[in-house]
1. From A:Gly186, A:Gly205, A:Gly160, A:Gly140, grab the single residue that is touching a Ser or Thr at 6+ places or on another chain (Cβ under 7 Å) and of a type in the set (Gly, Ala, Ser).
2. Which count do you get for residues in region A:253-270 that are surrounded by fewer than 18 Cβ atoms within 10 Å (Cβ to Cβ) and small (Gly, Ala, Ser)?
3. For region A:297-308, does any single residue satisfy the condition of being at pLDDT 85 or above, in a helix (DSSP H, G or I), over 14 Å from the mean Cα position of the chain (by Cα) and of a type in the set (Phe, Trp, Tyr)?
4. Identify all residues within region A:160-177 that are within 23 Å of the chain's Cα centre (by Cα) and either more than 7 Å from every other protein chain (Cβ to nearest Cβ) or more than 13 Å from A:Val270 (Cβ to Cβ) (or both); write none if there are none.
5. State whether one or more residues within region B:154-162 are out of contact with any helix residue (DSSP H, G or I) (no Cβ under 8 Å at 6 or more places or on another chain) and either outside any loop (DSSP other than H, G, I, E, B) or outside the structural domain of B:Val525 (by TED's automatic domain parsing) (or both).
6. So for region A:128-146 (the condition being more than 14 Å from every other protein chain (Cβ to nearest Cβ), crowded, with 21+ Cβ neighbours inside 10 Å and at pLDDT below 90), does at least one residue qualify?
7. All but one of (1) within 11 Å of chain B (Cβ to nearest Cβ); (2) part of a loop (DSSP other than H, G, I, E, B) hold for A:Val188; which doesn't?
Amino acid sequence: MRRYFGRKLLIYLLTFFLAVTIDWLIPRFMPGNPVQNMLSRVAVHPEAIDAMRGYFTRAFGLDVPVWQQYLNFWAALFHGDLGVSVYMFPQRVADILMRAVPYDVALLLPAILLSWLAGNKFGAYAARTKWLDNTVLPFGYTLTATPYMWLGILLAWVFGIVLDVFPFAGAYSYDMSPHISWRFVGDVLWHWFLPFASLFLVQFGGWAIGMRNMIIYELESDYSHYLEALGAPRALVRKYAFRNALLPQLSGLALQLGVIVAGALVTEVVFSYPGIGYLLLAAIQNQDYFLIQGCFLFIIVFVLLANFAIDIIYVLVDPRTRRGMTGETA
Amino acid sequence: MKRTFSALSILVTLSMLLAACAPAAEAPATAAPATEAPVPVEPTTAPIQVPTEVVYERSETLYVSGAAWGPPNDWNPFITWSKANTTGTVGLVYETLFMYDPMTAEWIPWLAESGGWVDADTYEMTIREGITWSDGDALTAADVAFTFELGQQYAAIWFSPMWNYLDSITVDGDYGLTLEFTDPLYQEFANNLYNLAIVPEHLWAGRSEEDITGGMNENPVGSGAYLYDTHSEDRNVWVRNENWWATELLGLTPAPRRIVDIRTSSNNVALGMVIKGELDLSNNYLPGIAELSTRGYVDTYFAEAPFMLSANTAVLFLNTTKPPMDDPAFRRALAFSINTDDIVNVAYAQLVAAASPTGLLPSLSAYVDQDVVDRLGYSYDPAEARRILAGAGYRDVDGDGFVEAPDGSAIALEVTCPFGWSDWMEAIAVIATSAQEAGINIQNVTPDYGAWNTALTDGTFDMTLNNWASMSNTPWTLYNLLFRHPIQEIMGSGNFGRYDNQEMFDLVDALAAVPSDDVAGMQAVCSDIQELMLTDVPMIPLWYNGLWAQFSSSVWTNWPTEESAAPTLPTTWSGYWQLGGLMTLINLELTPTE
């Protein structure tokens with residue numbers, strides 16, 4: 001057990017190191033100078049501009065050689081310091097992320113978990129009902145093949161503009177400030193619903209299709225036939241088929257996480273939902289090295305943690321992995 | 001399963017509430033933001049009486065949009081480049097010594113009761129008595145002197161170059177000030193009088209350089225008509241200062257109790273909101289407003305074209321360090337080849353007006369020498385463009401329909417603007433097309449903002465649009481953009497085409513040193529500048545970008561239009577509050593409900 005997790009942890013650490021390094025490198029390949037962009041609209045004397053450019057280049061730590069910037073970056077990271085945003089100067093990246101992350105969690109966690117649970121249940125159910133299978137199958141394929149952004153735009157258009165029942169921008173209405181009241185909570189949920197729905201639907205389609213196919217496969221396998229031959233009730237056979245079908249769905253979830261997070265990012269852009277995705281777009285457009293780094297850091301950590309959680313769950317639900325670890329089977 | 005669901009929903013709701021409430025919870029912390037340095041600022045939390053309603057009454061709230069292009073980041077009046085995102089920091093919270101009304105070319109004494117040059121090198125000023133900061137302390141001449149001296153102390157403050165010609169600022173009693181100069185740049189100084197926001201010495205004196213030049217300055221304490229209320233990523237909320245000095249001293253009270261400044265996610269959202277009356281004033285550029293204004297869905301300053309007042313000049317900068325833009329004849333031919341009417345009528349659907357070849361805004365038309373323009377001006381005339389090109393040796397040698405340089409080398413140029421600036425993208429398409437028709441091979445290209453900006457300041461572009469001189473009291477503001485000198489490796493804020501002509505630089509310097517009340521003296525220098533500019537055509541002013549403003553009278557009325565008795569600027573843009581934007585708020589009235 002310890003060896004298994006030790007090995008996993010090492011892999012995760014290595015992945016983290018590489019991902020963060022790439023995360024640091026890529027923004028710096030972009031053409032242009034962020035400090036210059038930041039100051040470009042100050043219409044004053046050239047002397048003042050020079051003084052300001054020098055001052056802020058030093059303030060952002062961009063006046064030292066690149067290799068040193070990289071070392072400084074790691075040193076700062078271990079102190080929990082993500083630097084100061086250029087685009088949102090003088091705010092600190094950590095503060096900005098702290099404000100945005102709850103919105104991402106609020107979108108991602110329910111969308112991932114609910115769609116996985118509901119999709120699997122529904123797929124299993126569809127597999128044994130002919131008419132449902134015939135109608136749901138094409139529908140599910142359409143949903144899962146839909147780009148997140150496209151479905152988001154479609155939902156915004158239908159429910160936001162044509163029917164005018166849901167807002168399609170922001171996290172809460174313009175005529176209130178945050179406070180604890182039913183009206184405000186309702187308003188927040190009302191703004192949350194469409195971005196959540198567009199994430200949920202796409203994933204739901206994928207899981208439902210996957211589970212439906214897995215169930216059919218499992219029902220055709222030897223153990224199912226054997227159980228049936230023994231005269232086991234149909235419900236019991238299906239129960240075992242479902243359990244076995246869940247395992248690949250679980251590893252599928254681990255594989256899908258990156259795609260889902262990317263989907264959440266574009267969904268936030270579509271709905272102007274103030275999460276990481278919305279920030280990231282602005283950060284890239286404004287060459288904000290530090291904010292880009294921070295956003296990707298969050299994504300990296302989120303995906304790695306979620307993967308780790310799935311690894312643990314896998315061990316819990318699949319006895320074979322446990323046995324494999326203790327070396328009971330070859 | 002059920003338990004998972006309910007646990008999950010609680011989690012979601014909680015995290016969202018946390019997210020939404022976070023800024024509000026942060027706000028009433030300590031008064032001093034003090035990023036890092038241990039600043040010995042007085043621990044007083046400003047006793048600002050901010051009302052605490054959380055759902056705003058429609059009849060007390062003014063909804064505006066169009067100023068911010070990013071989330072609010074700071075309320076520091078010295079971080080000038082981000083002020084668009086917290087428009088009102090200078091103007092609503094912090095105030096300036098004077099205001100300037102570009103509609104009437106009048107100076108309005110504001111924090112200063114009076115001010116003037118007593119001799120060529122001495123400026124005397126009296127601060128109005130009875131002004132208080134929002135924490136109750138009196139605003140005196142010492143605060144003004146303190147603010148000016150920040151520029152002397154810290155080079156990274158935008159007005160620090162003023163100290164190249166300002167020797168000293170002395171306080172005379174509580175309200176008198178004397179400024180001593182050597183060879184003052186009168187034009188720049190006059191400009192600073194309505195752009196430099198005065199801050200309270202008692203709250204700023206102990207701050208570090210970092211904090212002054214780059215601190216967030218949360219919970220700003222100013223002297224202005226509004227107080228900071230709250231903010232989030234997509235809005236700023238300001239609440240009226242019930243103890244504002246001007247209410248008592250000048251009898252002025254802005255009608256809206258609250259101003260919610262919204263950053264809409266797209267211009268279409270702003271358009272929908274203003275039509276529905278959810279937005280009272282939109283200062284976004286919205287294509288198609290001409291049609292909506294004519295049909296009466298929204299109101300605009302003019303009832304017909306160009307519908308909008310002019311705010312700044314869109315200038316086509318030509319990179320004069322690259323051939324063939326280094327040839328005045330080529331530049332002049334190019335000026336004749338651009339179909340400005342198509343830009344105005346097609347790209348902008350009549351929302352803008354074509355610019356004078358001098359580039360000066362209509363509000364500065366007193367400084368245009370019409371005689372020079374008649375002799376040397378240009379307008380769309382492809383035949384003339386071809387004639388000039390032929391005369392200067394540009395011929396189509398290889399028969400591809402485009403001229404080659406006199407030395408036979410091919411000409412292939414790019415005209416650029418940042419991607420996503422839809423109106424400019426259409427405008428450069430018109431420029432490219434009309435130049436091609438005149439035989440000049442120009443393609444329109446739209447890089448990302450960052451790449452565009454780097455090309456602009458490093459001088460690697462061929463030709464590009466820029467409009468960074470805002471409405472002003474003096475033509476010097478525009479010329480300071482067009483002919484910024486000396487030429488440096490990075491031209492961060494003007495003369496992007498690196499037009500290097502000492503004669504022109506001397507003229508602009510001469511203009512800067514003309515006293516700002518000497519109109520005839522300014523006109524004389526401007527005339528010389530225009531003569532040289534129209535002969536050499538170092539850049540091509542094309543059209544006036546509008547002071548985009550569409551408003552709805554569903555809740556608030558008495559908006560400024562051409563029919564108003566004393567129209568002010570209908571804008572919330574940063575830097576325009578002192579140019580009449582504040583007066584627009586003061587003139588507003590609640591629309592009577594039937």
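1. Values: A:Gly186 fails: touching a Ser or Thr at 6+ places or on another chain (Cβ under 7 Å); A:Gly160 fails: touching a Ser or Thr at 6+ places or on another chain (Cβ under 7 Å); A:Gly140 fails: touching a Ser or Thr at 6+ places or on another chain (Cβ under 7 Å).
After ruling out the rest, the residue left standing is A:Gly205.
2. The qualifying residues number 3.
3. The answer is yes; a qualifying residue exists.
4. Keep residues of region A:160-177 that are within 23 Å of the chain's Cα centre (by Cα), which gives A:167-172.
Correct list: A:Pro167, A:Phe168, A:Ala171, A:Tyr172.
5. So the first thing to find is which residues in region B:154-162 are out of contact with any helix residue (DSSP H, G or I) (no Cβ under 8 Å at 6 or more places or on another chain), and the list is none.
No, there is no match, as no residue in region B:154-162 is out of contact with any helix residue (DSSP H, G or I) (no Cβ under 8 Å at 6 or more places or on another chain) and either outside any loop (DSSP other than H, G, I, E, B) or outside the structural domain of B:Val525 (by TED's automatic domain parsing) (or both).
6. Taking region A:128-146 and keeping what is more than 14 Å from every other protein chain (Cβ to nearest Cβ), we get A:128-146.
Then keep just the ones that are crowded, with 21+ Cβ neighbours inside 10 Å; that gives A:136, A:140.
Remaining after also requiring at pLDDT below 90: A:136, A:140.
The answer is yes; a qualifying residue exists.
7. (2)
Quick grid of which residues meet (1) part of a loop (DSSP other than H, G, I, E, B); (2) under 22 Å from B:Cys417 (Cβ atoms):
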{"position": "B:Glu291", "(1), (2)": "no, no"}
{"position": "B:Phe302", "(1), (2)": "yes, no"}
{"position": "B:Ala311", "(1), (2)": "no, yes"}
{"position": "B:Ala314", "(1), (2)": "no, yes"}
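The values are calculated or read from the model by the stated rules, or taken from the named source; none is laboratory data. Nothing here was measured: the structure is a model prediction, and the numbers come from that model. A quick note on method: Cβ atoms are made from the backbone with ideal geometry, for glycine too, and the neighbour counts reach across all protein chains shown.
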